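Colleague: Can you read through this structure? Questions will come right after.
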Amino acid sequence: MLLAASSSDFADIDAEWWAWVGLFTLILALLLVDLLVFHRRAHTVGTKEAAMESSVWIGIGLAFGLVVLALYGGQAAGEYYAGYLIEKSLSIDNVFVWALIFSYFAVPRKFQHRVLFWGIFGALLMRLVFIFAGVALLESFEWLLFVFGAFLIFTGLRLVRKQDEAVHPENNPVLKLVRKVVPSTAEYDGQKLFTKENAKLLATPLFAVLVLIETTDVVFAVDSVPAVLAVSREQYIVFASNAFAILGLRALYFLLADWHNRFEYLQQGLAVILVYVGIKMIVSHWYHVNTVISLTFIGLILLVSIVLSLRKSKRDEGSAAEVEQAQE
């Protein structure tokens, strides 16, 4: 029987080995098709292509929720969609950090997709470890609910306070270590992470970019994994929601990378989401907030923050145009 009896307020499912094999096979197949068919040759990804690809990835993520619904029921599907929305919304901030890293290293736009492909692949492996470790810890030490919840609240409040802080890739300690330990060259060699110069194997700047992207993902995973664990405790649901949200980040990056200044209120919206899921995790010891309520609240906060940001951006552009006309 696929659907196990629920012993708590969260979905209690028995994801058998074939369900995991099917999930991993689907993820690997999607990655290979993306790499070997649609992005076999390096090219600049335009806005139209990015929008189409992003729509396809979102469609795949939403469709897998129907698979979860068919196999494990409505509660499990609700938790999947809530986890997907949390991961997707928190990952938007990651997209803008990637844009900063690529800008700092002056990475040609046509080479960026290949780096992000390997970055996403590494992120999936790290999330799998984080998720299994997180669920195991919560099952063994229930008091960690309060620790994770307090951490999310702290992170949300800190996110509001640091909105004007600049990120400096050159100060990253991991990057400094890589440059000291790994023989490198300052020249690009197409999409290659390593190249040969005078019979010596050297890392290209793309390797340093990949290392930075992986380290930043670890930082974001520390926030997002506990946040998703606030809406589900099943490894299969949590990993699937994370995986399908992450898979579409490359297309989302090419769609939104240049729009950072247009989303002025997005960081505040993400902060509210983090504080909410932190509170939800803490109070879940006494009271379980319905998954549909969580899904609706998170969706509304994200929508309102984006709409308000775009309206303000439009007003600012209008004011700037009026000033230019007045000066003429």
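No value in this document is a laboratory result; all are computed from the given coordinates. Predicted model, so just to flag it, every value in this text is computed and none were measured. Please note: Cβ atoms are built from the backbone with ideal geometry, for glycine as well, and neighbour counts cover all protein chains shown.
Colleague: Would you kindly derive the ³J(HN,Hα) couplings of region 296-312 from the backbone phi angles with the Karplus curve 6.51 cos²θ - 1.76 cosθ + 1.60 (θ = phi - 60°), listing them in order in whole Hz, with x for Gly and Pro?
Modeller: Running phi through 6.51 cos²θ - 1.76 cosθ + 1.60 with θ = phi - 60° gives 5, 4, 4, x, 5, 4, 5, 5, 4, 5, 6, 5, 4, 5, 5, 5, 5 Hz.
Colleague: Given R₀ = 22 Å, what would the calculated FRET efficiency be for L137 paired with H285, taking r from the Cβ atoms and rounding to 0.05?
Modeller: Once the sixth-power term is evaluated, E becomes 0.90.
Colleague: Take the eigenvalues of the Cα gyration tensor for the chain, scale each by 5, and report the square roots as semi-axes in whole Å, largest first.
Modeller: 33, 26, 20
Colleague: Can I ask one more? As a check on your grasp of the helix formula, calculate [θ] at 222 nm for the chain: sum -39500 (n - 2.57) over DSSP H runs of n ≥ 4, divide by the residue count, round to the nearest 500.
Modeller: -25000 deg cm²/dmol
Colleague: Of the peptides 102-111, 230-239, 66-75, how do they stack up when ordered by the mean number of other Cβ atoms within 10 Å, highest first?
Modeller: Top to bottom by mean Cβ count within 10 Å: 230-239, 66-75, 102-111.
Colleague: Still on this structure, please answer the following. Amide H of F194: which non-local residues (sequence gap of 5 or more, or other chain) have their own amide H closer than 5 Å, using H built in the peptide plane?
Modeller: HN-HN under 5 Å from F194: T204.
Colleague: Region 279-310 to region 75-137: how many Å between their Cα centroids?
Modeller: 21
Colleague: A follow-up question, please. Is region 211-308 rounded, prolate or oblate when judged by the Cα gyration tensor, a ≥ b ≥ c being the square roots of its eigenvalues, rounded requiring a/c under 1.5 and prolate requiring a/b larger than b/c?
Modeller: Judged from the Cα gyration tensor, region 211-308 comes out oblate (a/c at least 1.5, b/c at or above a/b).
Colleague: For a quick check: with amide H placed at 1.01 Å from N, whose amide H comes under 5 Å from S184's, ignoring anything fewer than 5 positions away on the same chain?
Modeller: A203
Colleague: Below 22 Å, Cα to Cα, which lysines can K314 reach? Residues fewer than 8 away in the same chain don't count.
Modeller: K48
Colleague: What nm value, rounded to one decimal, do you get for the distance between L66 and R41 when each label is placed 7 Å out toward the C-beta?
Modeller: 3.5
Colleague: Can you spot the lysines whose alpha carbon is less than 27 Å from K176's alpha carbon? Ignore those fewer than 8 places along the same chain.
Modeller: Straight-line reach from K176, under 27 Å: K110, K162, K192, K196, K200.
Colleague: Still on this structure, please answer the following. So the label point goes 7 Å from the Cα of L157 along Cα→C-beta, right? Which residues of region 268-284 then have their backbone N under 12 Å from it?
Modeller: Within reach of a label on L157: 275.
Colleague: Can you classify region 1-129 as rounded, prolate or oblate using the Cα gyration tensor, where a ≥ b ≥ c are the square roots of its eigenvalues, rounded means a/c under 1.5, and otherwise it's prolate if a/b beats b/c and oblate if not?
Modeller: Working: a/c = 2.39, a/b = 2.02, b/c = 1.18.
It is prolate, given that a/c is not under 1.5 and a/b is the larger ratio.
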